[in-house]
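The values are calculated or read from the model by the stated rules, or taken from the named source; none is laboratory data. These numbers were taken from a predicted model, which means no experiment stands behind them. Here the Cβ positions follow ideal geometry from the backbone for every residue, glycine too, while neighbour counts run over all protein chains shown.
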Amino acid sequence: MIFVLALACSDQAIHTIEDGVGGDGPQIDVSPEVLDFGELGADAEPVIKTFTIASIGTQPVAVEDITFDGEGYNSFHLAQDWPGTLKLDVGESYDVDVVFEPWGNDEWARALVHSNDPDTKIWPVELMGSAVVPELDVDPDPLDHGQLGIGCERENTATITSVGEWDVTISAIEVTGADFELLSAPALPLTLAPGETTTVDMRFSPSLEGSTEGALVITSDEAMGVRQALQLGEGVVDGDFVDTWDIPEGDPPSDIVFAIDSSCSMSGDAWNLVNNFEVFINELDHYTSDWQVMVAAEDDGCNTSGILTSSTPAYKEDFQNAVFFAGFFADWTEALLTINRVSIEETKGGGCNKGFLRDGALLHIIDVSDEPEQSVEMGGLRWDENVQAIWDLKGDPSMVRISAIAGPIGTSSCAAEGTGYAEAVTATGGVFLDICTNWATSANMALLAEASINQSTYLLSSTPVESSIVVKVNGNKRTDWTYDATRNVVVFDADYPKSGAHIEITYSGVGDCD
């Protein structure tokens, strides 16, 4: 409803009345005290009504301002800009034109006349009107999503209703606020007849502790144009946590499993492994003498080497024989993650690998293959399901590491890409060596030996707010780490804490997600 008002100059609105009919000092009178604008049709132009302010005391009146309040205050406004403080001499009056340009159907408000009248500093004029207009309502408004743990998610629905007596067309719907997200909304533009409704779904996911606000913003052809429904929520934490570890001095225990693809193309790599096993052990001895090694490459997961230790008389020869004969009749030789899992299962109860898996020992699995991991193709589990099962069997994901000598992803020159193995290495913080290179160097054997001893991952006792994690080693803050939410562990990128180190990880815990 666009219109132009022809407004009189302010001096034409001032009139002279009988002097001194009020009390002493500045006194005002406002009449009428109620303006009824009646009912407007759907296409009617705005209506103007007038009330009069009169100076009826013995001194001039200063009318300082006219403001509006009440539920429908947006539907009423002055026809002209207020000139600032208006001085009315004794006996003068001033006509105030009020425009009714309805935003809703049944509107009520008050015009408040502010003056220096000591008895009536604020004089209210009641304003009433009704109209046939398009109008929306949002329920609930505000929508309080409540308290929720940081990192958690909660979904809620708001209902938009056409509460006017005229069709309303919605042209845009959006949600503001960093922690609020619009999940679903109707196709737009959408026209709602009186009484019709539609719904929108929103998600609240707090990122910081404390209260936060957003808005559901609806653009339509109702009078206000843009309607905002307040969104509220609060991120909470489940207290502050301090997890500590002390890596013992001396010989940390290490349980190491080798699994070798026994297909014909692997003979050269098998020889490489055998010929450099002594180099690997020598590097391992720099860290500990408390190691155990077994070769497990059969379908049943049983070792073919026995459990080798530093006190085994001929562990090099036993390792060599196990490598060359392991998996000779295996059907799953190109699905080594399955054999890995089964071999760890066989450490439990009276299994054939009983006594191998030790509490407090880091479990390091080293797979060697020139093919991708093919457990799924054989009807078995995905790589991540096998890894999860190994974590569960060990009981502490931070004490499991899988390394691989395989074809690298995207750049392999002599072997198929080692998919499955590469993902398992990444998930457990292991070492990946390119099987197409001279992988059995002393430097690479040293990497595998270090990965067998130095713990790179640390399991947290509670689920953290990731942004709150602080990691210290021997009192010094470290930043070369990542947080793995899948395992709830902190993973050092390199320079793993060594023997005798004290690790302290502090964080705020994620609150209840229910």
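If you check VAL387, VAL465 for being among the β-branched types (Val, Ile, Thr) and outside the structural domain of LEU337 (by TED's automatic domain parsing), only one passes: VAL465. Restrict the check to region 116-123 and report whether at least one residue is in contact with a helix residue (DSSP H, G or I) (Cβ under 8 Å, 6 or more places away or on another chain), modelled with pLDDT under 95 and on the phi < 0 side of the Ramachandran plot. Scanning region 116-123, I find no residue that is in contact with a helix residue (DSSP H, G or I) (Cβ under 8 Å, 6 or more places away or on another chain), modelled with pLDDT under 95 and on the phi < 0 side of the Ramachandran plot, so the answer is no.
When LEU381, LEU393 are checked against the criterion of being of a type in the set (A, V, I, L, M, F, W, C), surrounded by fewer than 22 Cβ atoms within 10 Å (Cβ to Cβ) and part of a loop (DSSP other than H, G, I, E, B), a single residue qualifies: LEU381. Selection of strands (runs of 3 or more DSSP E) fully inside region 144-248 by the criterion of at least 2 residues being in contact (Cβ under 8 Å) with a residue 60 or more places away in the chain and closer than 30 Å to ASN105 by Cα returns 210-220, 226-246.
Residue by residue, here is whether (1) of a type outside the set (Lys, Arg); (2) at pLDDT 95 or above holds:
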{"residue": "SER220", "(1), (2)": "yes, yes"}
{"residue": "ARG227", "(1), (2)": "no, yes"}
{"residue": "ILE256", "(1), (2)": "yes, yes"}
{"residue": "CYS264", "(1), (2)": "yes, no"}
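Quick check on my filter: what residues within region 66-125 are among the aromatic types (Phe, Trp, Tyr) and either closer than 16 Å to VAL34 by Cβ or buried (at least 17 other Cβ atoms within 10 Å of the Cβ) (or both)? Within region 66-125, PHE68, TYR73, PHE76, TYR94, PHE100, TRP103, TRP108, TRP123 qualify.
Kindly indicate whether any position in region 414-423 is under 28 Å from CYS152 (Cα atoms) and in a helix (DSSP H, G or I). There is at least one residue in region 414-423 that is under 28 Å from CYS152 (Cα atoms) and in a helix (DSSP H, G or I). The residues in region 161-202 that are surrounded by 15 or more Cβ atoms within 10 Å (Cβ to Cβ), within 28 Å of the chain's Cα centre (by Cα) and among the aliphatic types (A, V, I, L, M) can be counted, and the count is 6.
Filter region 1-27 for residues that are part of a loop (DSSP other than H, G, I, E, B) and either polar (S, T, N, Q) or modelled with pLDDT of 50 or more (or both) and give the result. Answer for region 1-27, where residues must be part of a loop (DSSP other than H, G, I, E, B) and either polar (S, T, N, Q) or modelled with pLDDT of 50 or more (or both): VAL21, GLY22, GLY23, ASP24, GLY25, GLN27. Hey, among the residues in region 251-268 that are acidic (Asp, Glu) and surrounded by 20 or more Cβ atoms within 10 Å (Cβ to Cβ), which one's nearest to the chain's Cα centre (by Cα)? Per the criteria, the residue is ASP255. Here PRO142 passes the criteria (1) at pLDDT below 95; (2) out of contact with any helix residue (DSSP H, G or I) (no Cβ under 8 Å at 6 or more places or on another chain) except the one numbered (1). Taking region 404-453 as the range and being more than 28 Å from ALA485 (Cα to Cα), touching an Asp or Glu at 6+ places or on another chain (Cβ under 7 Å) and among the small types (Gly, Ala, Ser) as the test, the residues that pass are ALA415, ALA416, ALA446. Scanning region 105-153 for residues that are farther than 29 Å from GLU222 by Cα and assigned by TED's automatic domain parsing to the domain that holds LEU208 yields a count of 8. For region 402-428, filtered to residues that are crowded, with 24+ Cβ neighbours inside 10 Å and under 32 Å from the mean Cα position of the chain (by Cα), the residue that is modelled with the lowest pLDDT is THR428. Among what's in region 313-372 and is acidic (Asp, Glu), free of Cβ contacts under 8 Å to residues at least 40 places away in the same chain and not in a loop (DSSP other than H, G, I, E, B), pick the residue that is nearest to ASP300 (Cα to Cα). Across region 313-372, the extreme among qualifying residues is ASP318.
Within region 493-510, being touching a Gly at 6+ places or on another chain (Cβ under 8 Å) and assigned to a loop (DSSP other than H, G, I, E, B) holds for one residue alone: SER499. When region 378-403 is limited to residues that are in contact with a strand residue (DSSP E or B) (Cβ under 8 Å, 6 or more places away or on another chain) and among the small types (Gly, Ala, Ser), the one that is farthest from ILE365 (Cα to Cα) turns out to be SER398. Scanning for something over 27 Å from THR161 (Cα atoms), hydroxyl-bearing (Ser, Thr, Tyr) and not in a strand (DSSP E or B), does region 73-89 turn up at least one residue? So far as region 73-89 goes, yes, one or more of its residues are over 27 Å from THR161 (Cα atoms), hydroxyl-bearing (Ser, Thr, Tyr) and not in a strand (DSSP E or B). For region 28-39, state whether one or more residues are modelled with pLDDT under 95, of a type in the set (Ser, Thr, Tyr) and assigned by TED's automatic domain parsing to the domain that holds LYS121. Scanning region 28-39 turns up no residue that is modelled with pLDDT under 95, of a type in the set (Ser, Thr, Tyr) and assigned by TED's automatic domain parsing to the domain that holds LYS121. Of everything listed in (1) at pLDDT 95 or above; (2) among the acidic types (Asp, Glu); (3) under 16 Å from GLN228 (Cα atoms), the single unmet condition for ASP179 is (3).
For region 148-160, a residue qualifies if it is over 16 Å from the mean Cα position of the chain (by Cα) and surrounded by fewer than 18 Cβ atoms within 10 Å (Cβ to Cβ), and the qualifying residues are THR157, THR159.
Of the residues ILE390, ILE409, ILE405, the single one that is free of Cβ contacts under 8 Å to residues at least 40 places away in the same chain and either of a type in the set (Ser, Thr, Tyr) or closer than 28 Å to TYR458 by Cβ (or both) is ILE409. Could you tell me which residue of region 362-401 is modelled with the lowest pLDDT, considering only residues that are small (Gly, Ala, Ser) and touching a Ser or Thr at 6+ places or on another chain (Cβ under 6 Å)? Looking at residues that are small (Gly, Ala, Ser) and touching a Ser or Thr at 6+ places or on another chain (Cβ under 6 Å), I get SER398.
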